[in-house]
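Read-outs throughout are calculated quantities, based only on the coordinates presented, and are distinct from any laboratory measurement. Being a predicted model, the structure only gives us computed values, none of them experimental. All Cβ positions, even for glycine, are placed from backbone atoms using ideal geometry, and neighbour counts span all protein chains on display.
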Amino acid sequence: MQDIIIEKPYEFIPPHRGTWFPSFVLNTNLVPWYLKRHEGVVSHRLEGLDHFRESLRRGHGILLAPNHCRYADPLVMGYVASESKTLMYAMASWHLFHQSRFQRFAMRMMGAFSVYREGLDRQSLDMAIETLSKPERPLVVFPEGAVFRTNDLLQPLLDGVAFMARSAAKKRAKDGNGGKVVIHPVAIKYVFHGDLEKAVGKTLDALEKRLTWNNLKKAPILHRISRITHAMLSLKELEYIGFAQTGTIVERQQRLVDHLLDPLEVEWLGKDSDGPIIPRVKALRMKIVPELTAGELTEQERERRWTQLEKIYLAQQVASYPPEYLSSPTTDTRILETVERLEEDLTDKANVHGPLEVVIRIDEAIEVPVDRAPRGEEDPVMKTLRERMQAMLDDLSHETNVID
């Protein structure tokens, strides 16, 4: 399990508000260099920048809402900042500030501030609302809430994005500062420009060796991926259920996820649940983690909760494999990201595969109203945001090479 839970009391990490350091980084070749070296991104194409510039010109409070399919996404947004000559703030999960001292320093200096995903973070919310109501800089928020290596498929969005935008719009109207609060949907699409066999061959060899299988180099890539995926699912079924299930992949995935989460939801929430995985995971972590990080539990209870968090993490992993994602015809980019997800789930780290071109498309602004969203139905702002983001991703999916 990756280090996404930090076992210490949360402390809000504010952004560095200075301009010299981020301006220096954006005006040099550091972002493209890092993306090429560490993420395999060798080129970029930016579309719709005029939509963003128009909102800047009008003095609006701007929230940029990109999809989140790779760890490179926050750095990729640096291209938007650089070409628009605009510094930005960004909301980032607290655990990312604890990966290394350098990462913590770099994130803060570039304008990132922390958000606590395992509880109500009033300071982070206030920072976001302040940023949008007094538009010192645009704010970048990834509304999917986590990285899913499914570039063509948008995951359910978290409603907190609309809440902070509406709160800022209301505050701005009350303060009489003029201008509006707007959300710009952003689609980030990675396109693979290379030899697929060469890019994923060694990774598949290593994964098959880890499963103690004979070498299958001559088998088609999709066949090898399917075997590894089925093996991983069966191993986890054996570990947690006691036997490999029957039925379709969709049925098996859902039963395993429910087997992992239902008992925890009954214990911590009073009832089991269903629906998208991220809200279920967030609800459970908000109950389990606060006392764990306070350091006041017995060692036995501490170990019990870590075991529960491992089950929650596994449920999220299982749910991150859309069964039809590699159905024929698929694309080379979908194959690449699926191999990377398999490698990351087995080893906690994925190797760099490239070369990749990233396309960043910015859509027209969505004006955020000051009134509350209607009760009992999807927030119209979130509905428009979701539809616009998915429409752009659908269109950009034609950039990739089809594999029969």
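Descriptive notes on the structure:
- The simple Förster model, with R0 at 56 Å and r as the Cβ-Cβ distance, assigns Leu120 and His223 a FRET efficiency of 0.75.
- Euclidean distance between Cα centres, region 44-103 to region 172-235, Å: 22 Å
- A simple spin-label model places pseudo-atoms 7 Å from Cα toward Cβ; at Met109 and Glu291 they are separated by 4.2 nm.
- Solvent-free Debye scattering, log10 I(q)/I(0), computed from the Cα coordinates of region 196-347 at q = 0.09, 0.16, 0.20, 0.21 Å⁻¹: -0.36, -0.95, -1.24, -1.31
- This ranking places Met77, Met109 by how few other beta-carbon atoms lie within 10 Å of each, fewest first, which gives Met109, Met77.
- With the simple model of a label 7 Å out from the Cα in the direction of the Cβ, Leu56 to Phe21 spans 2.2 nm.
- In the chain, the calculated helix contribution to ellipticity at 222 nm averages -16500 deg cm²/dmol per residue, counting -39,500 (n - 2.57) for every DSSP H run with n ≥ 4.
- Spin-label model, Thr248/Asp404: points 7 Å from Cα along the beta carbon direction are separated by 2.5 nm.
- Stokes-Einstein translational diffusion, region 307-404 - Kirkwood Rh over all Cα pairs, 0.692 mPa s, 37 °C, in µm²/s: 193 µm²/s
- Glu47-Glu136 FRET efficiency (beta carbon distance; Förster radius 22 Å; 0.05 resolution): 0.25
- With 10 Å bins from 0: P(r) over the chain, alpha-carbon pairs, percent: 4, 21, 31, 27, 14, 3, 0
- Spatially proximal lysines relative to Lys170 (Cα-Cα < 26 Å; intrachain offsets below 8 disregarded): Lys134, Lys180, Lys383
- Relative contact order (percent, whole number), the chain, Cα cutoff 8 Å, 6+ residue spacing: 28 percent
- Here r is the Cβ-Cβ distance between Ala173 and Glu239 and R0 is 41 Å; the resulting FRET efficiency, rounded to 0.05, is 0.15.
- Difference of contour (0.36 nm per residue) and Cα-Cα distance, Arg210 to Gln99: 37.3 nm
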